[in-house]
Every structure is written in structure tokens, then in C-alpha cells.
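See structure below.
The values are calculated or read from the model by the stated rules, or taken from the named source; none is laboratory data. Predicted model only: the values in this text are computed from it and were never measured. All Cβ positions, even for glycine, are placed from backbone atoms using ideal geometry, and neighbour counts span all protein chains on display.
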Amino acid sequence: MRCTIIFLLFSFHVSILLNNSNSLRGKIDYRKNGDDWPGICKSGMGQSPISIAKYQKVNKNVLKLHYKKPSGVIKWNGSSYVLNNDEKESKVTFKDIKPKPPVNIDYTLKSVVFRTPAEHVVEGKHYDVEMQFIHESSDNKLKRNNLIISVFGKKSRNKKKIENLWSNIQLNGKSKSDIEGIDKLITGLKDYFFYEGSQTVPNCVENVNWIVMSKPLYVDERFISSLQRKFCEKDFPNGNARNIKTDNERQIYQYSLGETDAE
């Protein structure tokens, strides 16, 4: 696996601050890509990530985005680059169609985590990076009180594909972006997969509704290369992605943001 990382700047008006760390002490060890983590990480039957190959296509949408202008600072926490969202109004509405009648659940955006290479595999495709938008519900009684939207990043040299995604970037300082909101970018990707899974870090709790976008966003190849030099260290020879887990015949659905809204 190639060791690559990327930061996608949205209309977050996000300031970027990269703090490198050379130690895994007290952090998550990725030297075996999560195959040696204890507890439910080894024994759970609904673990993530998975390889998405067989799925049922449904002509509807169960997701509605309500993003404002998330803000924060991206920091290195010893195993991942993380943006903790300071703005508390961005959320998504997920329609759980299992109950009768279906139930709409609101999840608030808490953070964005950057994984490289991508953790999920879609129809045999391996991407350079996976940006995970982590949301939580305020209802602690929910079995799945987390919802994560995964957006893939793919290298490109075509300026026409990437010019609206980037502004001037200073890796060792602060910079702001001038691009469209992430809700519009995600909506433009249209199709997405849904399955029930787990967090991909210890304790790997199986409390996540996963939304995995089927298509990637295009990313400047030069920017990925510059970030790769910052991320690839001896403690992370294979990046910070957990290995693929067995799906155990879980149901996987493909929906489309172009279909009927979740409301």
C-alpha cells in the first residue's frame, strides 16, 4: 500500500495547522493495520472497513445534508490528521427505513478524519485517501448513534477537474479555502453505499451507520506528494488505514442523492 495523505479544503474557512509526531506512544498502533487490536476489534461480526462488491440498488435517498460553515484546525494526533469541528450547527438527517413507519434521525458533524490509503474498497477500486466525516446523535439510546460519511480522494493532473477544490495552501502555516460547500461537493457525487458497521479505531464499537460515496473527488497530485512526505514515517509504513474485514453477509444498499429527499 502506498502511504499518501491529503487535506481537502472546503468552504469551511478552515485554518490548517500541521503538527508532526514521531511517536506512537499512547496512540493507535497501525504497524499491523488493526489486525492485532484486542477485544471487539478481533471478535466482532459487524466490523469495518469492508470491501463493497455486492449490493442492492434502491432508487431513493435516505440522506439529507444540512452543512453550514464548519470551522476548526486540522491537527496531527499521533496517528491521524483530525479536524475537530468548532461549529455545532452542521448536521445530516438519516432516514432509518427499518422501523415502520421510518424514522428520521439527526446527526451533528463532530470531526473529519483523514485516512491514507482509503480504508474501504469499492468494486475493487483502491483510492489514495478517505476523508471520514464523523457525526453523532444526541440520542444515547440509539444503537447506532454514529454516522460516518466517507469521501474518497483520487490523484489528478487535470487542472479543470481540481481547480475549484483548492486555494493557496501553506503546509506549515494557515490558509483559507474559497471553494464550494462540502454539501454541494458530496451531492455532486450522487450515488452512495450504506451499511451497518463499526468504528475503525479501538475499541471498534459497532455503532456506526456508514455512508460511503461511490465516486472520488479529484485531488492535485503535487499536493498529495507534498503531504506524503509529511505523513510517511517509520511508524506508519502502510499508512493509517485499517485492513479490510469480512462483511459476514451484511446487507449493503446503494442509494442516490439525486432521488427523493430523506424528509
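What the table below lists for this structure:
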item	result
From the options 139, 106, 128, residue that is touching a helix residue (DSSP H, G or I) at 6+ places or on another chain (Cβ under 8 Å) and modelled with pLDDT of 85 or more	128
Test: residue 116 is touching a helix residue (DSSP H, G or I) at 6+ places or on another chain (Cβ under 8 Å) and touching a residue at least 24 places away in the same chain (Cβ under 8 Å)	yes
Residue ID - surrounded by the fewest Cβ atoms within 10 Å (Cβ to Cβ), chosen from residues in the stretch 38-69 that are outside any loop (DSSP other than H, G, I, E, B) and among the hydrophobic types (A, V, I, L, M, F, W, C)	40
Matching residues, the stretch 83-110, being over 15 Å from the mean Cα position of the chain (by Cα), hydroxyl-bearing (Ser, Thr, Tyr) and either surrounded by fewer than 15 Cβ atoms within 10 Å (Cβ to Cβ) or over 16 Å from residue 192 (Cβ atoms) (or both)	90
Qualifying residue in the stretch 187-197 (condition: over 18 Å from residue 122 (Cα atoms), buried (at least 21 other Cβ atoms within 10 Å of the Cβ) and at pLDDT below 95)	no
Candidates 82, 62, filtered to the one that is under 27 Å from residue 125 (Cα atoms), free of Cβ contacts under 8 Å to residues at least 60 places away in the same chain and touching a strand residue (DSSP E or B) at 6+ places or on another chain (Cβ under 7 Å)	82
Test: residue in the stretch 35-51 that is in contact (Cβ under 8 Å) with a residue 12 or more places away in the chain, within 21 Å of residue 246 (Cβ to Cβ) and either of a type in the set (Phe, Trp, Tyr) or in contact with a Phe, Trp or Tyr (Cβ under 6 Å, 6 or more places away or on another chain) (or both)	yes
Close pairs from the stretch 130-146: first of a type in the set (Ser, Thr, Tyr), partner surrounded by fewer than 17 Cβ atoms within 10 Å (Cβ to Cβ), Cβ under 7 Å, at least 6 apart	137/106
Per-region count, the stretch 35-82, residues among the aliphatic types (A, V, I, L, M), more than 16 Å from the chain's Cα centre (by Cα) and under 23 Å from residue 104 (Cα atoms)	2
The stretch 216-249 - residue that is under 30 Å from residue 46 (Cα atoms) and among the aliphatic types (A, V, I, L, M) and, of those, modelled with the highest pLDDT	244
Matching residues, the stretch 9-66, being of a type in the set (Ser, Thr, Tyr) and at pLDDT below 90	11, 15, 21, 23, 30
Number of the condition not met by residue 69 [criteria: (1) modelled with pLDDT of 80 or more; (2) of a type in the set (Lys, Arg); (3) within 25 Å of residue 138 (Cα to Cα)]	(1)
